[in-house]
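Undergrad: Got a structure here, written out as structure tokens. Questions coming.
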Amino acid sequence: MFLIGAPLGAIIRKGGLGVPVLISIIFFIIFYLLTYNGEKAAKEGQLEIPLGMIGGHAILLSIGVFFLVQAWNDNSLFDADFYISLIKKLRGKNAEETTERVISTLDDLKPEDLK
């Protein structure tokens, strides 16, 4: 869990205490569900016992290493400003394309088409 929490603290710079706590709770719930389901599957014989007990840890380890690399490279994975600017850029392109299509359609109209 430290490999998830420490990089998240470095990646999430804004948001105060609320966003990191919310993300931590979500990851704890995911960890609990993976561990519980792995243990249940191991008891029922659907999985090998070591795989059932370590499966949740392995999945969260890979997520933790991913977050660690993202924090190391100082990427803006959870930076809200990055996603807001990306959405504005995408909306801007779509708005320009729509405007151009409407103008070209209006230019192609003839007076008899409007009757």
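Undergrad: In region 67-88, what count of residues is obtained for those that are modelled with pLDDT under 70 and either more than 14 Å from the chain's Cα centre (by Cα) or among the polar types (S, T, N, Q) (or both)?
TA: 1
Undergrad: What pairs come up if the first residue lies in region 11-33 and is exposed (fewer than 11 other Cβ atoms within 10 Å of the Cβ), the second is modelled with pLDDT of 70 or more and among the acidic types (Asp, Glu), and their beta carbons are under 9 Å apart, counting only those six or more places apart or on different chains?
TA: If the second residue must be modelled with pLDDT of 70 or more and among the acidic types (Asp, Glu), the pairs left are Lys14/Asp81.
Undergrad: When the residues of region 34-75 are filtered to those that are touching a residue at least 12 places away in the same chain (Cβ under 8 Å) and small (Gly, Ala, Ser), which remaining residue is surrounded by the fewest Cβ atoms within 10 Å (Cβ to Cβ)?
TA: That would be Ala71.
The values are calculated or read from the model by the stated rules, or taken from the named source; none is laboratory data. These numbers come from a predicted model, not from an experiment. Because the Cβ atoms are built from the backbone with ideal geometry, glycine has one as well, and the counts that use them run over all protein chains shown.
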